[in-house]
Structure formats: structure tokens, C-alpha cells
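Have a look at the structure below, then the notes.
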Amino acid sequence: MPTVSLNLERLKAQLAQALDGDPIQRFVADEAPLTLQLLAHGEANVIFRLGTDRLVRVAVNTPNQRFEGDFSRLTAFEATVLQYLQGTGISQSLLAARTTPSERFPYTYLITNYLAGQPLDYSRPHLQRCAHTLARLHRLPLDKSHQHLDRLSPPMQRIERPLTSFFAESQQYAQPYLTSAKADPEIVEMLHAVLAKAEARLPAEQKLLENAHVCLVHSDHTYENWVIDDQQAFLIDWEWAELGSPAGDLGHFLSPVTVRRYRDYAMPAADRQFFLETYYEALENAELAAKMRIHLAAFGAFPAVRSLCWTAGYWITANRWYDQETGPSAAERRDRLQKSQQQFRQLWAEVMSLLEEPLP
């Protein structure tokens, strides 16, 4: 689905009109007049603060291929995730969902509470709070009220063989660059090398199957998807969520491709170890912690491989909506794209090092 530039003022006016006449507006504290403040505009969503204590997340596009360009499916999917997580303190509270467009408003949206806090900055206090949140998320299936993951509707993608799936997706993401006439031969060689090294580790998947633990995983741990206050860390933006190995979350959180998005930051090895040990302890279950060590050793590098291949492919396939935009969100996306090209060789070296860590 091609991305088009939006008239944000018109979108804001349309949304205000739609909310004013929508029965789900009863979830919003009475205010006269209703106030909307633009907070962020990305490729897939436009986010408004509604009044003082609510948020409206409007789906205007979905580059996520699993939804086949249908942002209504995206909104329904995220509503399902938030309903499953209701009361856990892991994410926002879902107050209302409009999952089909209307004559008043041609998009879909979620209304949640507004979370006050800061994005992830990789300080030790932030790492500690993130580790506790992920441990709480990953042990949810041990709670009887959160065991029935297969009953979620709409159903969620379940990754039975994560190494195989992530390797196949890595190949797919890299392909546009590998076949591009604009490709740098050196980067083509680097992509082939990282894929070959990842392929050599595929037999370790058997260890995951022998020590299975499937739960809801978030899968997209860029620093902007964390909201952290003085007490805890919250995860937002669940469009890439799936059912699978918790090591998918750990691997993406620790991936150098993910971490570098924050001000070109490189996580010290000591902080990586601090995060992991905090996480294992927060699981409060020795058997589960032992399984997670195995999962991370076998699977932990694959989210980084997939992100690296996606990065190269994105240089070719990106729908550059931000080329026509002037706001801070668009400027940040342009800057991020340029930096990813500058950093690629260093990121490749770091991902290759992850693929050389001992297998379980």
C-alpha cells in the first residue's frame, strides 16, 4: 500500500468531529471544548493527545505485510493485544476501539490512557525497569488467566520454529538490496556472509523445541516504544507482536541495530549482562530462567540478523512519506535512514560477533 502525505490539520478536524459524535466518546472525561494535540506522525500512525489523560492512535497505513495494507486489521489486532494485557500494567489500558472506518472518519483508531514518562535511554535504572516488564510479559502464560493464547481473536501469528522463520524473513528482507542495480558490491558480500553464518546455526533450533515456552512477544523494541517513569517501564505499539519465544524480545532489545537508533548508542557488555541477569531474576522461576538462557543462546542473534537485512532492503523499498513532510517525526526518519547507511559496516561486524557466541 503506497504511503501518501497527510493533511494533518484536516485529519485532526475530522477526528474531532468523529469523536464528538461517537458513542465511545463516553470513555473520555467531559471537556468543553474537546481538545486534540498532535504528538507524533509516523508512517503507520498519527497519535493525538485527547484532553489531559487520553491518547488516540489513528492507523493511517500499515507497512506490516501481515495485514495486507488493511489498517482496520491492524487496529483490531492491537486492540486484541491490549485486551489480553488489560490489568497487567505492561502497556496502556484500552478504553475504546473503532476498528472500521465510517462516513465521518475514513480511518480506524484506538483510545487509551495517556502514559507520562520518558523513552528508553539505556541507563541502568531504565534497563532494570525494562527487564522487569519483559519478565512479567514472558511469564504471563504461567498465570491461568493468561494461558489461552490460541483463543485470541483475531488470531495472532504463532512462530513454532523461530530460527527457521527469522532466517527465511532475513533472506526475504535482504533480497531487494541483493538484486538492486544500485547495490554496493561490498555490502552485498556482507549480507551473504551474515546469512551464511546464521544458516549454520539453524540446527540449534532443536534446543528450543526441547525447551519450549511460547508467550506473547512484542518484537519491536526501538527506544520510542518504551515509556518509562520513576516506577516502571511500559511497552507501546504492538503491531509487530506475535506468539513465540521470549528470546525474540531479548534479542531485539539487545540488537545493536535496535540500540544504535538511540543517539548512535552502543551498549557496553557490562550493561547487557546487567539487563539479562536482572531479567532472569525477575522471572521468579528458576526453571523458566534456565529455558530462557537456552533460548537466548540459540535464537538471540536472529532478531539482529533480521533487522540488519531489513535495514539494507529498506534503503530500496522505503515508502518515503517523510520526503514531503516538514515536522520533527519526518526529519527524524530522514536522519535515521541516512545514519543506518553510515553505520551499516559497524552494525554488520557487531551482528557477526553475536553469531559467533557459543550455542547451547
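Kindly put C309, C215 in sequence by how many other C-beta atoms sit within 10 Å of each C-beta, fewest to most.
Working: C309 28, C215 20.
Result, fewest neighbours first: C215, C309.
What lysines does K291 reach when the alpha-carbon gap must be under 28 Å and sequence neighbours fewer than 8 apart in one chain are set aside?
The reachable lysines, counting only those whose Cα sits under 28 Å from K291, are K144, K197, K207.
Please report, in Å, the Rg and the Dmax of the stretch 8-113, where both are computed over Cα atoms only.
Calculated on Cα positions, Rg and Dmax stand at 13.2, 40 Å.
Summing -39500 (n - 2.57) over the DSSP H runs of n ≥ 4 in the chain and dividing by its residue number, what mean residue ellipticity at 222 nm do you reach, to the nearest 500 deg cm²/dmol? It would help to have the intermediate numbers written out before the result.
Numbers: 12 runs with 165 residues, N = 360.
Result for the chain, helices only: -14500 deg cm²/dmol.
Among S180, S102, S145, which comes first, then next, by fewest other beta-carbon atoms within 10 Å? Working shown, then result.
Working: S180 15, S102 12, S145 9.
Arranged by neighbour count, lowest to highest, S180, S102, S145 become S145, S102, S180.
For the stretch 82-164, what are Rg and Dmax over the alpha carbons, in angstrom?
For the stretch 82-164, the Cα radius of gyration and maximum Cα-Cα distance read 16.5, 49 Å.
Where nothing but the Cβ of Lys and Arg (+1) and of Asp and Glu (-1) is charged, how large is the charge dipole of the chain around its Cα centre, in debye to the nearest 20?
On the way: 35 positive and 43 negative charges, 33 e Å.
Dipole magnitude for the chain comes out near 160 debye.
How far is helix 302-317 tilted, in degrees, relative to the longest principal axis of the Cα atoms in the chain, given as a value from 0 to 90 rounded to the nearest 10?
60 degrees
Angle between the Cα long axis of helix 124-138 and the longest principal axis of the chain, 0 to 90 degrees, nearest 10?
The helix 124-138 is inclined about 90 degrees to the chain.
For the chain, what proportion of DSSP beta bridges, expressed in % and rounded to the nearest 5, is antiparallel? The partial results should precede the final answer.
Values: 28 of 29 bridges.
Percent antiparallel among DSSP bridges in the chain is about 95.
Measure nothing fancy, just the Cα-based angle from helix 269-282's long axis to the longest principal axis of the chain, in degrees from 0 to 90, nearest 10.
It works out to around 70 degrees.
Read-outs: derived from the displayed coordinates by stated rules, not from any lab. As the structure is a prediction and not an experimental result, all values here were calculated from the model. Cβ: placed from backbone, ideal geometry, glycine included. Neighbour counts: every protein chain shown.
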